[in-house]
1. Sort through Arg107, Arg86, Arg154 and tell me the only one that's of a type in the set (D, E, K, R) and touching a residue at least 60 places away in the same chain (Cβ under 8 Å).
2. Could you tell me whether any residue of the range 108-127 is small (Gly, Ala, Ser), within 20 Å of the chain's Cα centre (by Cα) and open to solvent by 40 Å² or more (accessible area, probe 1.4 Å)?
3. I'd like to check which helices (runs of 4 or more DSSP H) are fully inside the range 147-240 and have at least 2 residues that are in contact with a Cys (Cβ under 8 Å, 6 or more places away or on another chain), surrounded by 15 or more Cβ atoms within 10 Å (Cβ to Cβ) and not acidic (Asp, Glu).
4. Please name all residue pairs, on different chains or six or more residues apart, with Cβ atoms under 6 Å, provided the first residue is in the range 40-56 and is within 17 Å of Asn177 (Cα to Cα) and the second residue is modelled with pLDDT of 90 or more and open to solvent by less than 20 Å² (accessible area, probe 1.4 Å).
5. Just the residues that are over 16 Å from the mean Cα position of the chain (by Cα) and of a type outside the set (A, V, I, L, M, F, W, C), please, taken from the range 52-72.
6. Picking from His94, His22, which residue would you name as being open to solvent by 30 Å² or more (accessible area, probe 1.4 Å) and at pLDDT 95 or above?
Amino acid sequence: MEHGHTIEEIQTRIAQPNTTNHLKDFVFGGIDGAVTTFAIVAGVQGAGLSSTVVIILGIANVVADGFSMAAGNYSGTKAERDDMARIREVEHRHIRDVPEGEMEEVRQILMLKGLKGKTLEEAAKAITKDKNSWINLMMVDEYGKSPVDPEPWRSALATFLAFLICGLVPLLPFLTNVDQPFVAASIATAGVFFSIGMLKSAWSLASWWRSGLETLAIGSTAAIIAYAIGYLLRGFGAGT
């Protein structure tokens, strides 16, 4: 079982504060970091350019694109948090100005959950005694929002670190001057894709190998496209 079901175990688990899960930020940053950096490696190799070009463009991509992704994630997450704050303020005002209307909304929500009669009225009164519980119910069931506020800075940091770590992997063979660096970079990057897929499987119903192969297929497709474009344009570069 994923967790225990004794009274003590349930009490301990339920009492823990809700936190934001940054899995999506890490997976998104990691896949994009590996894909975009390896796409540069594959494109440059396909065009027949030197390893120095790979390193320069790759490092520039890891730093600049990683920061850009983190900044974009921060802005998007902050906008989501601001919207949730706006909705909370709206509900505070409605509870103050039209409490009966808001109480009826609670009844309608609880009716959809199967409550009726005396049980419905008792549950509605119990929930609306605590304003935070009241508003949290409205956030989830009226607006489809999580009662836990997102964390822009942590989301941005998770994205940037994942992008940086995974994005550097395709460059390591070129930075360390190994034999056949492109082959080594291809194998290492494939390992990153597969590992990220395995990580995702811990939070899904998919098997680890299926999730790994799915992510590997996505990354490999991007790499093949980049290499093909670079290869097709190598003659164009030579003629200028």
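1. Working: Arg107 fails: touching a residue at least 60 places away in the same chain (Cβ under 8 Å); Arg86 fails: touching a residue at least 60 places away in the same chain (Cβ under 8 Å).
Going through Arg107, Arg86, Arg154 in turn, just one is of a type in the set (D, E, K, R) and touching a residue at least 60 places away in the same chain (Cβ under 8 Å): Arg154.
2. Let us first name the residues in the range 108-127 that are small (Gly, Ala, Ser), namely 114, 117, 123-124, 126.
Now narrow it down to the ones that are within 20 Å of the chain's Cα centre (by Cα): none.
Within the range 108-127, none of the residues are small (Gly, Ala, Ser), within 20 Å of the chain's Cα centre (by Cα) and open to solvent by 40 Å² or more (accessible area, probe 1.4 Å).
3. Values: elements: 152-168, 172-175, 181-201, 208-238.
Qualifying helices (runs of 4 or more DSSP H): 181-201.
4. Between residues of the range 40-56 that are within 17 Å of Asn177 (Cα to Cα) and residues that are modelled with pLDDT of 90 or more and open to solvent by less than 20 Å² (accessible area, probe 1.4 Å), the close pairs are Val41/Val54; Val41/Pro170; Val41/Ala185; Val44/Val54; Ser51/Phe174; Val54/Phe174; Ile55/Phe174.
5. First, pick out the residues of the range 52-72 that are over 16 Å from the mean Cα position of the chain (by Cα): 52-65.
Result: Thr52, Gly58, Asn61, Asp65.
6. Numbers: His22 fails: at pLDDT 95 or above.
The match here is His94.
The values are calculated or read from the model by the stated rules, or taken from the named source; none is laboratory data. Please read all numbers here as calculations on a predicted model, not as lab measurements. Counting neighbours? That spans all protein chains shown, and the Cβs are built from the backbone with ideal geometry, glycine included. Note: accessible area is taken over every heavy atom of the protein model, side chains too, but ligands, DNA and RNA are not part of it. Shrake-Rupley method; radii C 1.70, N 1.55, O 1.52, S 1.80 Å.
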